[in-house]
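Have a look at the structure below before the remarks.
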Amino acid sequence: MASIEKGGHRFEGLNKPIMTPNHPKYAAAVVTKVDGKEKLLRFGLQGAKRFPKREGESKAAAETRKNWKARHAQNIKRGPSSKAYWANRFLW
């Protein structure tokens, strides 16, 4: 599969998120198809605390992740065209 250049970044392909450490506002980006067109979605604020699932994690970290997912559940359900969907899948 050919790589995709968009927004000054190189992506392995569609729906392959990457971290963007040099972007001033957003921590990650992905190129996805929305209404038949390729679209760059940036998501996850730089410097925000994230709690991906880890072995032996604290109850507080698990609770924080659960609350985030509950708070954004409606947007996560929208699917790959939603920034919350990608944040849930890639960052949380």
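The values are calculated or read from the model by the stated rules, or taken from the named source; none is laboratory data. As the structure is a computational prediction, the values presented were derived from the model and not from experiment. As a convention, Cβ positions derive from the backbone with ideal geometry for all residues, glycine included, and neighbour counts pool all protein chains shown.
Descriptive notes on the structure:
- Scan of region 52-70 for residues that are within 23 Å of Met19 (Cα to Cα), charged (D, E, K, R) and not in a loop (DSSP other than H, G, I, E, B), ordered by number: Arg65, Lys66, Lys69
- All positions within region 25-46 that are assigned to a loop (DSSP other than H, G, I, E, B) and either in contact with a Lys or Arg (Cβ under 8 Å, 6 or more places away or on another chain) or at pLDDT below 90 (or both): Lys25, Gln46
- Boolean, Lys16 is among the basic types (Lys, Arg) and loosely packed, with under 13 Cβ neighbours inside 10 Å: no
- Sole residue being in contact with a helix residue (DSSP H, G or I) (Cβ under 8 Å, 6 or more places away or on another chain) and over 16 Å from Lys83 (Cβ atoms), chosen from Lys53, Lys69: Lys53
- So Ser58, is it surrounded by 11 or more Cβ atoms within 10 Å (Cβ to Cβ), on the phi < 0 side of the Ramachandran plot and polar (S, T, N, Q): no
- Scan of region 66-92 for residues that are crowded, with 17+ Cβ neighbours inside 10 Å and not aromatic (Phe, Trp, Tyr), ordered by number: His72, Ile76, Ser82, Lys83, Ala84, Ala87, Asn88, Leu91
Yes or no, residue by residue, for (1) at pLDDT below 95; (2) under 15 Å from Arg89 (Cβ atoms); (3) more than 14 Å from the chain's Cα centre (by Cα); (4) not in a strand (DSSP E or B):
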{"site": "Ala2", "(1), (2), (3), (4)": "yes, no, yes, yes"}
{"site": "Glu5", "(1), (2), (3), (4)": "yes, no, yes, no"}
{"site": "Arg50", "(1), (2), (3), (4)": "yes, yes, no, yes"}
{"site": "Asn75", "(1), (2), (3), (4)": "no, yes, no, yes"}
